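What follows draws every value from the coordinates through simple rules; no lab data is involved. Given the structure is predicted, the values throughout are model-derived calculations rather than measurements. All Cβ positions, glycine included, derive from the backbone under ideal geometry; neighbour counts span all protein chains shown.
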Amino acid sequence: MKDVKTIFFDMDGTLIQSEFGIFDSVLYALEQFDYQLEDKSILRKFIGPPLYTSFTEFLGFEPEAAERAVALYRDFYSREGIYRAPLYDGVREMLRDLKDAGLRLACVTSKPDMFAKRVLEFHDIGQFFEILAAPAPQDHNADKAPLLLRAMGELSIDPAEVVMVGDRMYDINGANDAGVRSIGVLYGYGSEEELTEAGATELAWTPAEVVRICLDRQRGDLK
């Protein structure tokens, strides 16, 4: 297998601690429906998949209601929720160290592109990434593989030289389907069991450990 040259990063749960803004935005949308959420733990399921999928599969919304719920969520999120998501400790240093080591970086996220761009700008980390691969607002596809394939096409890179870094099974499944290796991060929202069962190539407990693994792979020490 080839040495790694490019690292793809998920956003929510990998770069930013997004639960605060996401949870508040979901609750705002539900309030407009007078929907009483008895089990608040279900909110964690909203971190990772597209919103439309979350409202339909996790809360049982019909398509039309799910579309309205997504619009309400985005209204609140664009005004307030987007700013309630700090960077994880060590993320800025992680991106800087990998960039300084000569690795190419890209952000591949299921967050709609209009919001993903604002997150990168707000935290001043956009300069680390060559491209942002994110869906259009109307795209309800929960599969991350097409985004990975799109990013690889734009960068003209070999899948064998890529590692996907993410915190949920959606990231790992997408990496597997796109034919790239993966690092599951355990400081985000996915459990060790979830990431292992999805088939993560490696696991990392901290951003610093992500750097170590990526630099080892850059040198070909890990396959």
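Numerical summary
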quantity: For the chain, share of DSSP beta bridges that run antiparallel, in % to the nearest 5; calculated: 5 percent
quantity: Within-11-Å neighbourhood charge of E209 [Cβ basis; K, R +1; D, E -1]; calculated: -1
quantity: Full-extension gain in nm, K45 to D89, via 0.36 nm per residue minus C-alpha separation; calculated: 13.6 nm
quantity: Pairwise FRET efficiency - R68 versus M114, Cβ, R0 = 22 Å, nearest 0.05; calculated: 0.75
quantity: Net +/- balance of residues flanking V70 in space, Cβ distance below 14 Å, scoring K and R +1, D and E -1; calculated: -3
quantity: Under 25 Å, Cα to Cα: Lys pairs in the chain, sequence gap 8 or more or different chains; calculated: 19
quantity: Mean residue ellipticity (222 nm) of the chain, computed from DSSP H runs ≥ 4 via -39,500 (n - 2.57), nearest 500; calculated: -13500 deg cm²/dmol
quantity: From the C-alpha gyration tensor of the range 1-64, square roots of 5λ in Å; calculated: 31, 14, 9
quantity: Paired Rg and Dmax values of the range 173-223, which use every Cα atom, in angstrom; calculated: 10.9, 29
quantity: Low-density loop positions, GluC sites (Glu not before Pro), the range 21-67 - DSSP coil, at most 14 other Cβ in 10 Å; calculated: E38
quantity: Cβ-based net charge around E80, under 15 Å, with every Lys or Arg adding one and every Asp or Glu removing one; calculated: 0
quantity: Cα pair distances in the range 91-149, grouped into 5 Å bins until the bin that holds the longest one, percent each; calculated: 4, 18, 27, 21, 17, 10, 3, 0
quantity: Extension gain (nm, one decimal) between L203 and L27, 0.36 nm per residue minus Cα-Cα; calculated: 60.2 nm
